Amino acid sequence: MARCLLARRGIDVVGVDPAGASLDVARSKPGADRVRRLHGDATALPPLQVDLATMTANVAQVFLTDDAWTATLRGVRSALVPGGWLVLETRDPARRAWEGWVREATTVRVDVPDVGPVESWTDLTDVSLPFVSFHDTTVLPDGTELHSDSTLRFRERDEVEASLVACGFELVDVRDAPDRPGREWVFVARRA
Ligand SMILES: C[S@@+](CC[C@H](N)C(=O)[O-])C[C@H]1O[C@@H](n2cnc3c(N)ncnc32)[C@H](O)[C@@H]1O
């Protein structure tokens with residue numbers, strides 16, 4: 001949604017996602033036709049020279065190995081103009097967000113137009129810090145169940161800071177997320 005809001009202001013926006021289904025959802029949002037979508041990830045981008053790169057929705061936590069994380073940061077760096085900005089957020093492990101990832105606390109029912117009521121929830125399956133794994137269940141109106149397993153890595157603030165510097169960024173600021181105060185760090189960095 002953030003990308004559509006920027007595009008509506010007349011800014012050239014490129015969205016990158018390795019999941020085709022996520023791109024389909026993104027393409028259905030209002031204003032989406034103004035956003036260029038790339039199927040892939042930051043390690044295999046076409047030549048780009050952008051002023052700002054963002055990783056939204058804690059996507060920084062999907063990179064489980066140091067190699068995957070640094071390859072992503074280096075890919076983002078190459079896509080930026082000199083002095084270009086990178087803004088990303090990640091959950092503070094001290095807040096132990098995973099403790100709320102249980103069925104009773106996460107169940108949502110959504111009335112999807114043309115589909116009907118869809119229910120989904122998350123079950124925590126393993127905590128082996130810095131890795132946290134969980135199982136998502138989605139039940140369609142005809143009773144069909146969809147399942148997915150995910151693992152996220154909870155990096156400490158100093159780890160993220162060090163990796164940014166090691167990958168050629170200058171750390172400018174670490175802020176609180178305005179919509180989720182106290183739960184996440186927002187790292188603001190520039191291509192050094
Ligand atoms: C929690 S969703 C966020 C969706 C949307 N960007 C938003 O902010 O509302 C995480 C998205 O990150 C995508 N993702 C996973 N690995 C990625 C990667 N290496 N590069 C870019 N996106 C990735 C997933 O496919 C998924 O669509």
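The values are calculated or read from the model by the stated rules, or taken from the named source; none is laboratory data. Given the structure is predicted, the values throughout are model-derived calculations rather than measurements. No Cβ is skipped: glycine too gets one built from the backbone with ideal geometry, and neighbour counts run over all protein chains shown. Only protein heavy atoms, including side chains, enter the accessible area calculation; ligands, DNA and RNA are left aside. Shrake-Rupley method; radii C 1.70, N 1.55, O 1.52, S 1.80 Å.
Side notes on the structure shown:
- Qualifying residue in the range 65-82 (condition: over 17 Å from the mean Cα position of the chain (by Cα), among the small types (Gly, Ala, Ser) and in a strand (DSSP E or B)): no
- Being in contact (Cβ under 8 Å) with a residue 24 or more places away in the chain and open to solvent by less than 20 Å² (accessible area, probe 1.4 Å) is a property that holds for residue 88.
- Of all residues in the range 109-145 being at pLDDT 95 or above and aliphatic (A, V, I, L, M), the one that is least open to solvent (accessible area, probe 1.4 Å): 132
- Some residue of the range 22-44 being under 23 Å from residue 187 (Cα atoms), among the polar types (S, T, N, Q) and modelled with pLDDT of 90 or more: yes
- Qualifying residue in the range 77-84 (condition: of a type in the set (Val, Ile, Thr) and within 12 Å of the ligand (Cβ to nearest atom)): no
- Hits in the range 1-25 (condition: among the hydrophobic types (A, V, I, L, M, F, W, C) and either under 21 Å from residue 86 (Cα atoms) or open to solvent by 80 Å² or more (accessible area, probe 1.4 Å) (or both)): 1, 2, 4, 5, 6, 7, 11, 13, 14, 16, 25
- Which numbered condition residue 103 misses (of (1) within 22 Å of residue 80 (Cβ to Cβ); (2) in contact (Cβ under 8 Å) with a residue 12 or more places away in the chain): (1)
- Restricting attention to the range 61-76, the residues that are buried (at least 21 other Cβ atoms within 10 Å of the Cβ) and more than 11 Å from the ligand (Cβ to nearest atom) total 1.
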